[in-house]
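The structure under discussion appears below in the form of structure tokens.
The values are calculated or read from the model by the stated rules, or taken from the named source; none is laboratory data. Being a predicted model, the structure only gives us computed values, none of them experimental. Here the Cβ is made from the backbone with ideal geometry for all residues, glycine too, and neighbour counts use every protein chain on show. Heads up: the accessible areas ignore ligands, DNA and RNA and are worked out on the full protein's heavy atoms, side chains in. Shrake-Rupley method; radii C 1.70, N 1.55, O 1.52, S 1.80 Å.
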Amino acid sequence: MSGKVSALNGRLIDNLEKTLLGKVVLVVVGTLALAIASQISVPMVPVPITMQTFAVTMIGALYGWRLGGLTVLAWLAEAMVGFPVLAEFKSGIAPFMGPTAGYLVAFPLMAIFVGFLTEKGISANRLFAGFSMHLAANLLCLLLGWMWLAQVIGAEKAWIAGVVPFLIGAVLKSALAATVLKATKGRVKTS
């Protein structure tokens, strides 16, 4: 029975990706997942620790680089127009100009990076490769976040407040993403 369910899940995602309406449904589901993941957080200053990066890389792996990148951009657009979908229910233009701007800019790039590599064969059945891919995406986010934050509070303070506290989380979230994808191999299409 589980083989039939796995095949059904894979076909469902494949079928949704084939139509415009299906793609819209996937984008809406993805932005909802991102909004929920954004609220799973540990408040910190100047940048909270959230599950956003986990959701972003998973969307890239599951949706591919095009639809994954588009989904993350749609989520950011929702935030810009006032939907409270970012961490701590934030929205509007302010998060895109404050300390979190570099991280927000990095999110679609993360999804595109992971989606592209997934489409090129970094698959769910190779745990270490999947972990490395997710970790590289998280490090890209930290680098871009640090570069922006350094302009706001200085390079050393940005490193201490905007990178170091997030390194362990990046490793743990990357391991979780690779493990989830490996565990769902065959049940969920990974690009």
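If you count only protein heavy atoms with a 1.4 Å probe, what accessible area per residue comes out for the chain, rounded to a whole Å²?
Value returned for the chain: 51 Å² of accessible area per residue.
Nearest 10 degrees is fine. How inclined is helix 2-18 to the longest principal axis of the chain, computing both from alpha carbons?
70 degrees
If Lys and Arg each add +1 and Asp and Glu each add -1, what is the summed charge of the other residues whose beta carbon sits under 15 Å from the beta carbon of S41?
On the way: positive: K90, K173; negative: E88.
Result for the local shell: +1.
Given R₀ = 22 Å, what would the calculated FRET efficiency be for V25 paired with R66, taking r from the Cβ atoms and rounding to 0.05?
Details: r = 16 Å, r/R0 = 0.72.
Between V25 and R66 the formula returns 0.90.
Place the peptides 88-94, 104-110 in order of packing, highest mean first, counting for every residue the other Cβ atoms within 10 Å and averaging per peptide. All intermediate terms of the calculation are to be shown ahead of the outcome.
Values: 88-94: 12.7, 104-110: 21.7.
Highest to lowest by the protection proxy: 104-110, 88-94.
Could you compute the FRET efficiency for V164 and F96, with r as their C-beta to C-beta distance and R0 at 35 Å, rounded to 0.05?
Numbers: r = 24 Å, r/R0 = 0.68.
Efficiency, rounded to the nearest 0.05: 0.90.
Which distance in nm do the two modelled labels at F128 and V81 give, with both placed 7 Å along the Cα-to-Cβ direction?
With each label placed 7 Å out from Cα toward Cβ, I get 4.6 nm.
How far is helix 20-39 tilted, in degrees, relative to the longest principal axis of the Cα atoms in the chain, given as a value from 0 to 90 rounded to the nearest 10?
The helix 20-39 is inclined about 40 degrees to the chain.
Amide H to amide H under 5 Å from G92: which residues, 5+ apart in sequence or cross-chain, H placed 1.01 Å off N in plane?
M80, V81, G82, F83
Once amide H atoms are placed 1.01 Å from N in the peptide plane, what residues at a sequence separation of 5 or more from I49, or on another chain, have their amide H within under 5 Å of its amide H?
V42, M44
Which shape class applies to the stretch 60-191: rounded if a/c is under 1.5, otherwise prolate when a/b exceeds b/c and oblate if not, where a ≥ b ≥ c are the square roots of the Cα gyration tensor eigenvalues? Present the calculation step by step, with values, prior to reporting the outcome.
On the way: a/c = 2.36, a/b = 1.46, b/c = 1.62.
Note, shape of the stretch 60-191 comes out oblate.
Report, to the nearest whole %, how much of the accessible area of the stretch 38-191 belongs to carbon and sulfur atoms, 1.4 Å probe, protein only. Walk me through the numbers on the way to the answer.
Values: 5410 of 7220 Å².
Looking at the stretch 38-191 in its full context, I get 75 percent from C and S.
Give the peptides 136-148, 19-31, 55-67, 74-86 in descending order of average Cβ contacts within 10 Å, highest first.
Values: 136-148: 20.2, 19-31: 15.1, 55-67: 26.5, 74-86: 18.0.
The peptides rank, most packed first, as 55-67, 136-148, 74-86, 19-31.
Using only Cα atoms, tell me the angle between helix 164-183 and the longest principal axis of the chain; keep it within 0 to 90° and round to the nearest 10.
Result, in degrees: 0.
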